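Colleague: Dropping the structure in here first, questions after.
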Amino acid sequence: MTASMTREAALRLGMAARELGDVDVRAFVQAVGGKLGLPLTETRLAGLTVDDLREILAGNHADEDCKVGVEPEKLKRIVRLLWGEGMEYSELPVVEPSAGRRPGSILAACASNTGEVLDGHFGSCERFLVYELTPQASHLFAIRPTLEADHEEDRNAARAALIADCDVLFVQSIGGPAAAKVVRAGVHPVKVPRPESARAVIARLQSVLPAPPPWLARVMGVPAVSLQKYQSSLEEAA
């Protein structure tokens, strides 16, 4: 079972089991996996409800009002732990609430294994941190675990599909065939060879949005400021 969950999911399940007290941790994890499906990721845990947890604890004797020996408020608290709320030791940053993607913004994904650090290889990172950027602001838009993609026949294509709505992908490394699939998905891959704060990488990208270099201008679908003087010369010559 441990091979079929992310580290963050394992941490949340462990904290929930500790909160429950007298519970067989392995059996609890297996029951959650049976209810939500495998592999267990933070994304799947985020969909767990209080009724789901009550049914998991009641086993074959579950019904809408079944008694499982756990007070309703405690059940709610455990569900929130499984969602990642109030996790003191969680390694994941907090996704900032958003009403949806803003017009004119771009999305940038960072391959990550640890917290809010860009330290992942495309084919092996545990998750993609997705940021929304405008020249004025940036925020963490989504966290997308990759474990389910690794159960697909074409792992690289499935990983590329996870970030297909993004404009830019930052990774420590990426192979040629995988990069081709990312590009076919409409995403521009950029290598950052050393582990670095994802926020710092995003801040550098944000700083050039008002006057993007040619590669970023193509991504954004706007003229490159660095080429405008040559365009003006061509127009005058014509």
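Colleague: Can you give the calculated 222 nm mean residue ellipticity of the chain, where each DSSP H run of n ≥ 4 adds -39,500 (n - 2.57) and the sum is split over every residue, rounded to the nearest 500 deg cm²/dmol? The partial results should precede the final answer.
Modeller: Working: 10 runs with 98 residues, N = 238.
Mean residue ellipticity at 222 nm (helix-derived): -12000 deg cm²/dmol.
Colleague: A further question on this structure: Dipole size in debye (nearest 20) for the chain around its Cα centre, Lys and Arg Cβ +1, Asp and Glu Cβ -1?
Modeller: Around 720 debye, computed over the chain.
Colleague: Here are labelled values, [x] 47, 26, 13; [y] 43, 18, 14; [z] 25, 22, 19, and one is the computed semi-axes √(5λ) of the Cα gyration tensor in Å for what I pasted. Which one?
Modeller: Identified label for the calculated read-out: [y].
Colleague: If you don't mind, there's one more thing I want to ask. What's the longest bit of the chain with no exposed trypsin sites (Lys or Arg not before Pro), using DSSP loop states and at most 14 other Cβ atoms within 10 Å as the test? Intermediate results must be reported in sequence, preceding the final value.
Modeller: Numbers: sites that count: Lys67, Arg101.
The longest uninterrupted stretch comes out as 102-238.
Colleague: Once you put a point 7 Å from the Cα of Arg7 and another 7 Å from the Cα of Lys76, both along the Cβ direction, what distance in nm separates them?
Modeller: Taking the two extended label points, one gets 3.3 nm.
Colleague: Among Ala158, Met15, Pro214, whose Cα sits farthest toward the positive end of the charge dipole of the chain (+1 at Cβ of Lys/Arg, -1 at Cβ of Asp/Glu, about the Cα centre)?
Modeller: Pro214
Colleague: With the dipole of region 2-83 worked out from charges on the C-beta (+1 for Lys and Arg, -1 for Asp and Glu) around the Cα centre, which of Gly37, Thr49, Leu75 lies farthest toward the positive end?
Modeller: Projecting each Cα onto the dipole axis, the largest value belongs to Gly37.
Colleague: Using Cα-Cα distances under 8 Å and only pairs 6 or more residues apart, what relative contact order does region 2-83 have, in percent?
Modeller: On the way: 76 pairs, mean separation 30.2, N = 82.
Across region 2-83, relative contact order equals 37 percent.
Colleague: Once you put a point 7 Å from the Cα of Arg184 and another 7 Å from the Cα of Val95, both along the Cβ direction, what distance in nm separates them?
Modeller: 2.8
Colleague: Then there's this: What is the angle, in °, between the Cα long axis of helix 225-237 and the longest principal axis of the Cα atoms in the chain? Nearest 10 is fine, range 0 to 90.
Modeller: Once rounded, the angle reads 30 degrees.
Colleague: Further question: Of Leu147, Thr114, Gly175, which is farthest on the positive side of the dipole of region 106-207, counting Cα position, with +1 on Lys and Arg Cβ, -1 on Asp and Glu Cβ, and the Cα centre as origin?
Modeller: It is Gly175.
Colleague: Picking from Val29, Val219, Val70, which is most flexible by a Gaussian network model of the chain using Cα springs under 10 Å?
Modeller: Val70
Colleague: For region 2-83, take the alpha-carbon Rg, divide it by the Kirkwood Rh, and send me Rg/Rh.
Modeller: Working: Rg = 11.6 Å, Rh = 12.6 Å.
Radius of gyration relative to Kirkwood radius: 0.92.
Colleague: OK, next. Where nothing but the Cβ of Lys and Arg (+1) and of Asp and Glu (-1) is charged, how large is the charge dipole of region 106-207 around its Cα centre, in debye to the nearest 20?
Modeller: Working: 10 positive and 12 negative charges, 68 e Å.
So the dipole magnitude of region 106-207 works out to roughly 320 debye.
Colleague: Quick one: how many lysine pairs does the chain have with C-alpha atoms less than 27 Å apart and a gap of 8 or more or different chains? Give me the count, please. Before the final figure, lay out the partial values.
Modeller: On the way: Lys35/Lys67; Lys35/Lys74; Lys35/Lys76; Lys67/Lys76; Lys181/Lys191.
Count of close lysine pairs: 5.
Colleague: Output the 0 to 90 degree angle, nearest 10, between the alpha-carbon long axis of helix 72-83 and the longest principal axis computed from the alpha carbons of the chain.
Modeller: Once rounded, one gets 30 degrees.
Colleague: Here's something else I'd like to know. Distance in nm between label sites at Arg102 and Arg155, each 7 Å beyond Cα in the beta-carbon direction?
Modeller: 3.7
Colleague: Search the structure for amide H atoms under 5 Å from the amide H of Val190, placed 1.01 Å from N in the peptide plane, and list their residues when 5 or more places away or on another chain.
Modeller: Leu169, Phe170, Val171
Values in this text are rule-based calculations from the coordinates and carry no lab data. Quick caveat, the model's predicted, so the values are computed rather than measured. FYI the Cβ positions are ideal-geometry reconstructions off the backbone, even for glycines, and counts take in every protein chain you see.
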